[in-house]
Amino acid sequence: MIIQKTREEIELMRESALIVSKTLGMIASEIKEGVTTLYLDKLAEEFIRDHGAVPSFLGLYDFPNSLCMSPNAQVVHGIPNNTPLKNGDVISVDCGAFKNGYHGDHAYSFEIGEVAPEVKKLLRITKESLYVGIREFKVGNRVEDVGNAIQKYTEAHGYGVVRELVGHGVGQKMHEEPEMPNYGKKGRGKLFVEGMVVAIEPMINMGTRNIKQLKDGWTILTADGKPSAHFEHDVALIDGKPELLSTFQYIYKALGIESNEEDEFRKVPLIV
């Protein structure tokens, strides 16, 4: 069952989402060559708690940490560890925060030092596909309209779209209906209705779409060992149109990047 949110509930969700956004902005200032993912995980947990929230991922389905940190050929669900990041790495950082009874959940793929041009392109196209998908999240459309848009955009560049892992509804539970695949056929799937809130999250591989899982029971890898990229936003359906609850602007501020990519999905400009 799809759980529609009131405007008041959406504003509570926006608060949770922005805590995640600020956490990722803090991580953007700290993530660099030589730093371990376990160190970043501890910083994130402290930051989330200092902002009156609790980490959504810590203990969820028995996950042991506050961040999912997935470098290079890891797609998602990587467990933080003591291995230092290296120049040329890329890493997906997925974060969740729970406050006022609601979850925020989104992700960004970071570059560490000098990254190969073909990997930079993978990240760029994957992030662009996120917004291509968000544009299809509107009243009257259906779930696979979003997935179809993401699939067409990324496959046109020869990339593999992961099938086994999908986006999802979000609210009082981290994972609500509907599932939001990054592939599909137009006109199929559940109908979008006012008040829905979903996490849209393309997981795109440079090579094959096939994946495998490590024996830790969590870490997902590309089957061919090529890099993967992952970006995620929380999006609400308000007045029939998509509105971002999360933002990458805290990340961009930390990294000195100027971007207006989110402007079309906001009624009110975001003050960072």
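In this structure the amide hydrogen of Gly167, modeled in the peptide plane, comes within under 5 Å of the amide hydrogens of Met180, Asn182, Glu201, none closer than 5 places in sequence on its chain.
Here the contact order of the chain, divided by its residue count and restricted to Cα pairs under 8 Å and six or more residues apart, works out to 23 percent.
The portion of the accessible surface of the chain made up by carbon and sulfur, rounded to a whole percent, is 51 (1.4 Å probe; DNA, RNA and ligands excluded).
Summary of the geometry: region 252-266 and region 80-109, compared by the centres of their Cα atoms, lie 19 Å apart.
Using the rule -39500 (n - 2.57) for each DSSP H run of four or more residues, divided by the residues of the chain, the 222 nm mean residue ellipticity is -9000 deg cm²/dmol. The phi torsions of region 3-12, fed into the Karplus equation with coefficients 6.51, -1.76 and 1.60 and a -60° offset, translate into couplings of 9, 7, 9, 6, 4, 5, 5, 4, 5, 5 Hz, rounded to whole numbers, with Gly and Pro shown as x. Under 5 Å between amide hydrogens, built in the peptide plane, is the criterion, and for His106 it picks out Cys95 among residues at least 5 positions away or on other chains. Per residue, the accessible area of the chain comes to 43 Å² when a 1.4 Å probe rolls over the protein heavy atoms. Projected label points at His175 and Glu194, each 7 Å from Cα along the beta carbon direction, are separated by 3.1 nanometres.
Within the listed set Glu177, Glu258, Glu128, the residue fluctuating most in the Gaussian network model of the chain (springs between alpha-carbon atoms under 10 angstrom) is Glu258. Specify whether the C-alpha gyration tensor of region 46-194 places it in the rounded, prolate or oblate class, a ≥ b ≥ c being the square roots of the eigenvalues: rounded for a/c under 1.5, otherwise prolate if a/b is larger than b/c and oblate if not. Oblate. Applied to region 153-158, the Karplus parametrisation 6.51 cos²θ - 1.76 cosθ + 1.60 on θ = phi - 60° returns per-residue 3J(HN,Hα) values of 5, 7, 5, 4, 9, x Hz, with x for Gly and Pro.
The values are calculated or read from the model by the stated rules, or taken from the named source; none is laboratory data. What you see is a predicted model; the values in this text were computed from it and never measured. Neighbour counts run over all protein chains shown; Cβ positions are idealised from the backbone, glycine included. Protein only, heavy atoms only, side chains kept; ligands, DNA and RNA dropped before computing areas. Shrake-Rupley method; radii C 1.70, N 1.55, O 1.52, S 1.80 Å.
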